[in-house]
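The values are calculated or read from the model by the stated rules, or taken from the named source; none is laboratory data. These numbers were taken from a predicted model, which means no experiment stands behind them. Quick reminder, even Gly has a Cβ in these numbers, built from the backbone with ideal geometry, and neighbours come from all protein chains shown.
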Amino acid sequence: MDPLDKIDKRYLPTANLADLQYFLQLQEARLPEAPDVSMRKWNQRAEFWQKERANRRKGDGRVQSAVQLLRQRGILNDSYDVVDIGCGPGRFVAAFAKVSRSVLGLDISEKMVAHGMEHIRKQGLNNASLRACDFQALDIEKEGYKAAFDLAFSSMTPAVHGVEGIVKQMEMSRAWCCSVTHLSGRNRLRQQITREVFGREMPLQWSGRWFYALFNILFLMGYNPETSYDTRRQQVFVEADDEYTAFMMEHMLPEEERNRENAAKILAWLQAHADGDGRLQEITDSCYATVLWDVRDKSERPDYGIVEKGIL
């Protein structure tokens, strides 16, 4: 189906439809190496992330950076209602709740929601809640979520994937939308294992494709997306165990190579390089891109097809 057929005509521009179609196809394309995004996989990941949080290995630097940016722009305050789409274990929800009137988190994984609610209760936040649901299938009008929030936020989630997800996020907001995406990343431990165990170089992680497509989609629709970048390094110690092996394999190998034999190879390498406590240092250099736009600020774009028309 043509992605343009999925868009409410109110969102379609009068010009540049061919360009818009290209960026929509780029944004919706699912790459072969993309990880599994099923509910089963997110439930499995919820247990791993809970363990990381308990051991204080999952930092909140990215969360704090987002809060700081939104506060500086005057978008987070005690009169704002916020929704976090694809909220995971609720790290952003908890941070937003401390500076907003109310926060709702939505996630497909019941285990993510359960761990997130426990985290929120421990922090004594009574203005935040999490709900397990499939965002792609969610009827926001029936649920009363249409134009119900001052900020509709999402961070590196497949929940807001495809043009339908983008439009649905915008329709939930009466003011602002914010999307945080991966731009680039380098995990030295994964690179070393890929090279030494499998004899090849690890392909470039992420690529900025989602960010590149989203910015252009919004611009061609007539919005004025603001961009910012956050580069950071995270150093943590990880356990050389089956759980971490499965996590590594998911992020290192194409699906057809994720088997018991390769899992055994990775685990053996981890155990051979672990310290006396069975741990290894993992260093990740990442760059994140934030796209921020006001759903109330929309205008018509001129026709940019000047090359095709022979003007240049």
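I'm checking my understanding of the structure. Among residues of region 120-161 that are of a type in the set (D, E, K, R) and more than 22 Å from the chain's Cα centre (by Cα), which one is surrounded by the most Cβ atoms within 10 Å (Cβ to Cβ)? Break it down into steps so the answer makes sense when it comes.
At the first step, the residues of region 120-161 found to be of a type in the set (D, E, K, R) are 121-122, 131, 134, 139, 141-143, 146, 150.
If we keep only those that are more than 22 Å from the chain's Cα centre (by Cα) too, we end up with 121-122, 141-143.
Values: R121: 11, K122: 9, E141: 10, K142: 8, E143: 13.
Residue satisfying both the conditions and the ranking: E143.
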Filter pass, Q271 being in a helix (DSSP H, G or I) and surrounded by fewer than 16 Cβ atoms within 10 Å (Cβ to Cβ):
yes
Scan region 90-145 for residues that are in a loop (DSSP other than H, G, I, E, B) and at negative phi and report the count.
15
Restrict the check to region 167-179 and report whether at least one residue is β-branched (V, I, T), crowded, with 21+ Cβ neighbours inside 10 Å and on the phi < 0 side of the Ramachandran plot.
no
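What is the residue count in region 146-200 for residues that are small (G, A, S), assigned to a loop (DSSP other than H, G, I, E, B) and either farther than 20 Å from R258 by Cβ or in contact with a Pro (Cβ under 7 Å, 6 or more places away or on another chain) (or both)?
Total meeting the criteria: 2.
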Expected output for region 245-264 (first residue surrounded by 15 or more Cβ atoms within 10 Å (Cβ to Cβ), partner among the charged types (D, E, K, R), Cβ below 6 Å, 6+ apart or cross-chain) is M249/R258; M252/R190
So E196, is it within 30 Å of D303 (Cβ to Cβ), at pLDDT 95 or above and exposed (fewer than 15 other Cβ atoms within 10 Å of the Cβ):
no
If the requirement is being under 29 Å from I283 (Cα atoms) and surrounded by fewer than 21 Cβ atoms within 10 Å (Cβ to Cβ), which of these qualifies: G88, G61?
G61
Just checking, does region 166-183 include any residue being charged (D, E, K, R), under 20 Å from L24 (Cα atoms) and at pLDDT 90 or above?
yes
